[in-house]
Amino acid sequence: MGTRLLALYLMLTGLAVAVYFIAVSWQYPGADQPYPVEPYPVWEVLHWFMAVAILIALLSVFAVKLRLGPGEAVREHLSVNALFYALLGLGLLFFRSWPSLLRGGDYDLFVWGSINMVLPVVLAAVGMRLWRGSRTKEH
C-alpha cells in the first residue's frame, strides 16, 4: 500500500506540474517573458512537492538499479538507467536553480521551462513503474 501511495504522489505531482505549466501562460499575460513581473505563488508551493517527488523517484529508481542483476533483460537495464540518469540530471538542475528562487533570484526561463517539460514525463514513468511493481508484489 505504501508503494502505491508513493506512486500516486509521483503521478499527481507530475500531472500538477504539467497542467500548471500550460495554464500559467493563460493565467498570467506575459508569462513567456524571461523575467516575469508578477510572482507565481502556485509555483512557490509546487516546487516543494517537486523537490520531494524528485528525491522519492531518484531513491526508488536507484533501489531498482541496485537490484538488477546481470541476468536481467537488456530492456530492463536500459529503461532503469534512462530513468535514473534523467532524474539525476533533473535533480541537479532543479536543486541548483531552486535555492536561487528562494532567495529572490532571477527566474531563468530556459532552465525552468526544461524542468517543467521533462519532470512530468519522468515522474509519470517512475510512478507507473512503482504502481505496476506494487501490484505484482501483492499477488
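The values are calculated or read from the model by the stated rules, or taken from the named source; none is laboratory data. Note that the structure is predicted; figures quoted are calculated from it, not measured. FYI the Cβ positions are ideal-geometry reconstructions off the backbone, even for glycines, and counts take in every protein chain you see. With ligands, DNA and RNA removed, areas are computed over all heavy atoms of the protein, side chains included. Shrake-Rupley method; radii C 1.70, N 1.55, O 1.52, S 1.80 Å.
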Q | the range 64-78 residues that are of a type in the set (D, E, K, R), paired with ones that are at pLDDT below 85 and not in a helix (DSSP H, G or I) (beta carbon under 9 Å, 6 or more apart) | A | Glu76/Leu68
Q | Hey, Gly113 exposed (fewer than 12 other Cβ atoms within 10 Å of the Cβ) and more than 15 Å from Leu8 (Cα to Cα) or not | A | no
Q) Filtering the range 64-79 down to residues that are open to solvent by 100 Å² or more (accessible area, probe 1.4 Å) and in a helix (DSSP H, G or I), which residue is farthest from Thr3 (Cα to Cα)? A) Val74
Q | Filter pass, Pro39 being assigned to a loop (DSSP other than H, G, I, E, B) and either farther than 24 Å from Phe110 by Cβ or at pLDDT 85 or above (or both) | A | no
Q.
Any residue that is closer than 15 Å to Leu55 by Cβ and either open to solvent by 60 Å² or more (accessible area, probe 1.4 Å) or touching an Asp or Glu at 6+ places or on another chain (Cβ under 6 Å) (or both) - is there at least one of those in the range 97-110?
A. no
Q) If you take the residues in the range 11-36 that are of a type in the set (A, V, I, L, M) and either surrounded by 18 or more Cβ atoms within 10 Å (Cβ to Cβ) or modelled with pLDDT under 90 (or both), which one is farthest from Ala124 (Cα to Cα)? A) Ala31
